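Engineer: Have a look at this one.
The values are calculated or read from the model by the stated rules, or taken from the named source; none is laboratory data. None of the values given here were measured: they were computed from a predicted structure. Using ideal geometry, Cβ is built from the backbone for each residue, glycine included, and neighbour counts are taken over all protein chains shown. The accessibility values were calculated without ligands, DNA or RNA, using every heavy atom of the protein model including side chains. Shrake-Rupley method; radii C 1.70, N 1.55, O 1.52, S 1.80 Å.
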Amino acid sequence: MHRSAVKVLIALLIAFTGRPGYAESWQTLGPQPMGMGGSFVGVARGNLAQYWNPAGLAQENNISGIQIPVGGRVEFTSGLLKDAHNLSNIAAKYSALQDAQKNSQAIDADKMAAFLQGIVTLESLNKDGKGILVDVNAGFNLKLGRVVLAVNNYTSVGGRPFVDTKNIGLGQISGSGGVTFSGGGVDTAISASNQASSDKIESAINTIGFTGIESLICGSAGCLAAQNAAITNADAFANALVDQAEDGGLSVDQISQAAQIIADNSASAATLIGAALSSNPYTNNTSNLTLRGASFTELSLGYARPLVLPGLLVGVNLKAIQGNIGYAKFDVLKKETESSDVFSDFDQNAKKSMQPGIDLGVLYDLNKTFGFLPFRPRVGAVARNINRPKFDQPDLAKQNGEGDKYALESQVRMGVALNPLNFWTLAADMDITENKTQIPGFKSRMMGAGTEINVFNRPWLNIPLRVGLAKNVAESGSKVAYTGGVGFNFLHFIIDIGGSVSTSTEKFTDDKGKEKEVPANASVAAQFALLF
């Protein structure tokens, strides 16, 4: 009998995990799992077992009732916040640079510094996995014995920058004369106090390549000399930039700061500027932020029962899923574009469709078969959306190569749970599938562990305390997140809260020049329940 039990469990787990793949990131529904490091597949008690492992609905002494969980999570990936803040800080200088290009004016050291810093930041934004993720979930779950009727929503939105590194030229375009140094207002005579800054800019221009600078501004080698006979080399051009800064009223310190920015960004900008042509002007730059999102509302019926052997439980969710797939793009360099426009476009471009879904779960209480084992060990596995439902994509998404259908891939997760004492639970979970997210190139495979200690632990009064750790093992740069939570159970009423915060932080400088830090990711959850 013992061997048969093991064979049945192994067969079920192989059925769940035999096909590797990619799926939506696993969302942490409920404050109890969140407080325990996102670990609940092996615990799977109460109404939320319907989501975490429907097999848990058949556990003994599993109380019925109503649960209403809500939660949310925000994550900044790969330094996005710092880059976005840098772009925001130099937006006004970019506007002045565009005016110079449209009105055939010269630029100064400060505008050149902003330009180099901007294109380097944009290039950084184009790295795989960089963006912002927002997850929101909420539900209403009614449990009667082994049956749960639930309506749950899982929404995930990701913002991913796209950077156009081709259209960065400052030359002529239709209706614009382009940046030009012609005319008597531009010379190469500078004050002695700014000579050190000019030397630093000259060194940076040599790093980029003087010919590359000429191609950037007017399209070919020698074109700067054609505009202004005095500008024939890096030294003269550096002086011209400083001269324009002096004429514009910049102080020695401001010019020095601009020179340092040019020097700091010259090496990174060299490749980009070397490929720039006057026929690819910066005013035609198509750098944008793409919003991808999916909101799934599931009407589900969950049921569980014992299977063959003592302690071996199986469960199933049958679901009707309404998928709302959203997609939007906006040009981050257009001054008239505001954040409200982005989300309005995102909502208008969303496409709704319905599909069925199936979840399967298994939970094995080993003590029921192996009575000598201490701490009541349980092991469980759940496979969500095993039929891989597919939803309609918005037309804009299809036009941008996202495909005709949005597939909700299967998710597979395993967990274990122990009870060293009747008031003390230990649990650990891990994703078996490596799951995709709404940010291309950023993957999710969560591993977590946590504990719950029940203070008082009486049927009419209890205060559960929870702590845990969680980590995304699919991303090498991911740091551990601390999780925690507390509840208050009195008679038939339960209120729970939980949250998590990453040990990794995102640094940025605020508008007052002060450096600040925020967690790279954080989440919060709450729940109200009425048991009967």
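Engineer: How big, on average over all directions, is the shadow cast by the Cα convex hull of the stretch 50-137, in nm²?
Structural biologist: Numbers: hull surface 38.3 nm².
Over all viewing directions, the stretch 50-137 projects a mean Cα-hull area of 9.6 nm².
Engineer: Find the Rg to Rh ratio for the stretch 454-532, where Rh is the Kirkwood radius over alpha-carbon pairs and Rg uses the same atoms.
Structural biologist: With Rg and the Kirkwood Rh in hand, the quotient comes to 1.18.
Engineer: Taking a temperature of 25 °C and a viscosity of 0.890 mPa s, what whole-number D in µm²/s does Stokes-Einstein yield for the stretch 409-470 with Rh from Kirkwood over alpha carbon pairs? Write out the running numbers ahead of the final one.
Structural biologist: On the way: Rh = 13.7 Å.
The estimated diffusion coefficient comes to 179 µm²/s.
Engineer: If each of Asp395 and Phe375 carries a label point 7 Å out from its Cα toward its Cβ, how far apart are those two points in nm?
Structural biologist: A separation of 5.9 nm, rounded to one decimal place.
Engineer: Something else about it: Exposed loop GluC sites (Glu not before Pro) only (DSSP loop, at most 12 other Cβ atoms within 10 Å): please give the longest stretch of the chain free of them, not including the sites.
Structural biologist: The longest such stretch corresponds to 61-335.
Engineer: Give a quick list of trypsin sites (Lys or Arg not before Pro) in the stretch 77-134 that DSSP marks as loop, anything other than H, G, I, E or B, with at most 16 other Cβ atoms within 10 Å.
Structural biologist: Hits after loop and neighbour filter: Lys127.
Engineer: For Leu116, Leu149, Leu307, give me the order by solvent-accessible area with a 1.4 Å probe, most accessible first, ignoring ligands, DNA and RNA.
Structural biologist: On the way: Leu116 0, Leu149 90, Leu307 55 Å².
Correct descending sequence by accessible area is Leu149, Leu307, Leu116.
Engineer: On full extension of the chain, what length is gained from Leu318 through Lys405, given 0.36 nm per residue of separation minus the C-alpha to C-alpha distance? Intermediate values should be presented prior to the final figure.
Structural biologist: Working: separation 87, 0.36 × 87 = 31.32 nm, distance 2.17 nm.
Contour length minus Cα-Cα distance gives 29.1 nm.
Engineer: Here's something else I'd like to know. Ser256: accessible area at probe 1.4 Å, nearest 10 Å²?
Structural biologist: Approximately 50 Å² for this residue.
Engineer: For the Cα atoms of the chain, what angle does the longest principal axis make with the long axis of helix 252-274, in degrees from 0 to 90, nearest 10?
Structural biologist: 70 degrees
Engineer: May I pose another question? For the chain, with the dipole built from +1 on Lys and Arg beta-carbon atoms and -1 on Asp and Glu ones, taken about the Cα centre, which of Asn103, Gly498, Leu426 lies farthest toward the positive end?
Structural biologist: Leu426
Engineer: OK, next. Any idea what angle helix 339-348 forms with the longest principal axis of the chain, computed on alpha-carbon atoms, 0 to 90 degrees, nearest 10?
Structural biologist: Taking the Cα atoms of the chain, the angle to 339-348 is about 50 degrees.
Engineer: From the Cα gyration tensor of the stretch 456-502, with a ≥ b ≥ c the square roots of its eigenvalues, which class applies: rounded if a/c is under 1.5, or else prolate if a/b is larger than b/c, or else oblate?
Structural biologist: prolate
Engineer: Can I ask one more? If you fit an axis through the alpha-carbon atoms of helix 91-102 and take the longest principal axis of the Cα set of the chain, what angle between them do you get, 0 to 90°, nearest 10?
Structural biologist: 40 degrees
Engineer: Determine the dipole magnitude for the stretch 419-475: charges of +1 sit on the beta-carbon of Lys and Arg, -1 on that of Asp and Glu, nothing else is charged, the reference point is the Cα centre, and the result goes in debye to the nearest 20.
Structural biologist: Computed about the Cα centre, the dipole is about 80 debye.
Engineer: Ok, one more. Any chance you could list P(r) for the chain, counting all Cα-Cα pairs in 20 angstrom bins from zero, rounded to whole %?
Structural biologist: 20, 41, 24, 14, 2
Engineer: Could you tell me the accessible area of Ser504 in Å² (1.4 Å probe, neighbours in place), rounded to the nearest ten?
Structural biologist: 30 Å²
Engineer: So if I restrict to the alpha-carbon atoms in the stretch 161-264, what is the Rg, and what is Dmax, the biggest pairwise distance, in Å?
Structural biologist: Expressed in Å, the Cα Rg and Dmax of the stretch 161-264 come to 14.0, 43.
Engineer: So if the hydrodynamic radius of the stretch 354-482 is defined as the Kirkwood radius over C-alpha pairs, what does Stokes-Einstein give as its diffusion coefficient at 20 °C and 1.002 mPa s, in µm² per second?
Structural biologist: Translational D for this selection: 120 µm²/s.
Engineer: Multiplying the sequence separation of Lys352 and Asp247 by 0.36 nm and subtracting their Cα-Cα distance, what value in nm do you get?
Structural biologist: 32.0 nm
Engineer: Let me ask something else about it. Given the options Ala192, Leu250, Leu224, identify the residue whose Cα lies farthest towards the positive end of the charge dipole of the stretch 188-259 (+1 on Cβ of Lys, Arg; -1 on Cβ of Asp, Glu).
Structural biologist: Value: Leu224.
Engineer: With r defined as the distance between the Cβ atoms of Val147 and His492 and R0 fixed at 25 Å, what FRET efficiency is calculated, to the nearest 0.05?
Structural biologist: Taking R0 as 25 Å, the efficiency between Val147 and His492 is 0.80.
Engineer: Which distance in nm do the two modelled labels at Ala229 and Lys507 give, with both placed 7 Å along the Cα-to-Cβ direction?
Structural biologist: 5.1 nm
Engineer: Given the -39500 (n - 2.57) contribution per DSSP H run of 4+ residues, what per-residue ellipticity at 222 nm results for the chain, rounded to the nearest 500 deg cm²/dmol?
Structural biologist: Only helices count here, giving -8000 deg cm²/dmol.
Engineer: Where only protein heavy atoms count, and the probe is 1.4 Å, what is the accessible area per residue for the chain in Å²?
Structural biologist: 43 Å²
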